[in-house]
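One structure is given here, and the rest of the page talks about it.
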Amino acid sequence: MRDEEGKPLLSALLLLGSFTFGYNLHTFLHELGHAISIWVQGGTVHGFILHPFLASYAPSTYVPDHVLLYLGGALIGGTGTVLFAFLAWRYRSPYLMPLVMACAAGLLTTSRWMFVAPFTDVFTDYHSLITLGAPPVVIFLWGLLFLVVGLTVFILYLPLVGISHRSSLVKHLIVIELGILPYQVGARLYCILTADADLQGAVSRVMYQAVALAILACLSKWLSGRIPFLRSVEMAPIRKTHAVVVWAVAAAFIIGMLLVSIPRDMVVT
Ligand SMILES: [Zn+2]
């Protein structure tokens, strides 16, 4: 069935645009989740500080329940993105890949922070929850749930960017590496140029991410070949228009995100 295979570079371009939009949409929804948990406690959110490459947050007035505050991001914002996976199940179009990536990329990156929370002192929502008394095993199992759902959604909808279980492992590797790694490289470059991040640390992080993406590519090929459910979505024909529209929407979303953000140096805590 080689005739249904599109060009890997076009698939990678569509995946990169989808990842760029999805990752940032997830960031916004995560912060919105925190905001909702602040609003239900009668607190006031001063605004949103959103950035594609730096930490995002929603500064607020004091709220009494910090457990609810830290839970809000992943529990409301993160879990909410699963609705996009159901939407894509109904309308199987490459144009829905950015929303699919909000779910897949969001849950996969969140799961990583949940896994490390019991073992490190890095300040995250999940480490804060453990400090407040949440059992580390619960955070770890929550990470496992996000990992399984994120991985399932990612692999299930890869045909919307032109990869199926019949595609070669090389195509899986090319599309997934080129469809995600440039964003990580961009983030590290931004930090080096603006925040004096050290080059050696940035290179090792990019290498680590390249290896993680290679494992993801191997898993997507291997699991889609073995689990019939992961072959439920038909391969979509990918056109240049898909990539152009997705990139335009991603760029507009990031510009909008930066415009609504209050400047970091104006934050009153
Ligand atoms: Zn958070």
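Values quoted throughout were computed directly from the atomic coordinates according to the rules given, and no laboratory measurement underlies them. Since the model is a prediction, treat every value here as computed from it, not as a measurement. Glycine also receives a Cβ, built like all others from the backbone with ideal geometry; neighbour counts cover every protein chain displayed.
What to note about this one:
Per-residue answers, yes or no, for (1) under 19 Å from A105 (Cβ atoms); (2) among the acidic types (D, E); (3) more than 18 Å from the chain's Cα centre (by Cα):
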position	(1), (2), (3)
L189	no, no, yes
D198	no, yes, yes
A210	yes, no, no
A214	yes, no, no
C218	yes, no, yes
G225	no, no, yes
V233	yes, no, yes
A250	yes, no, no
I262	no, no, yes
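- As for the range 156-165, it holds at least one residue that is small (G, A, S), within 29 Å of Y91 (Cβ to Cβ) and more than 16 Å from the ligand (Cβ to nearest atom).
- Counting only residues that are away from the ligand (no atom under 16 Å from the Cβ), buried (at least 18 other Cβ atoms within 10 Å of the Cβ) and among the hydroxyl-bearing types (S, T, Y), the range 2-46 holds 3 of them.
- Residue in the range 109-124 that is surrounded by 18 or more Cβ atoms within 10 Å (Cβ to Cβ), aromatic (F, W, Y), away from the ligand (no atom under 15 Å from the Cβ) and not in a helix (DSSP H, G or I) present: no
- Across the range 75-93, the number of residues qualifying as part of a loop (DSSP other than H, G, I, E, B), more than 16 Å from the ligand (Cβ to nearest atom) and either among the acidic types (D, E) or touching a residue at least 24 places away in the same chain (Cβ under 8 Å) (or both) comes to 2.
- The residue of the range 53-71 that is farthest from K240 (Cα to Cα), among those that are within 16 Å of the ligand (Cβ to nearest atom) and within 17 Å of the chain's Cα centre (by Cα), is Y57.
- Exactly one residue among V170, V148 is more than 22 Å from H30 (Cβ to Cβ) and surrounded by fewer than 19 Cβ atoms within 10 Å (Cβ to Cβ), and that residue is V170.
Residues are listed down the side, and each one gets a yes or a no for (1) farther than 28 Å from T20 by Cβ; (2) of a type in the set (A, V, I, L, M); (3) in contact with a strand residue (DSSP E or B) (Cβ under 6 Å, 6 or more places away or on another chain):
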| position | (1), (2), (3) |
| --- | --- |
| L69 | yes, yes, no |
| G77 | no, no, no |
| M101 | no, yes, no |
| V116 | no, yes, no |
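- Residue match in the range 164-173 (condition: part of a helix (DSSP H, G or I) and of a type in the set (D, E, K, R)): yes
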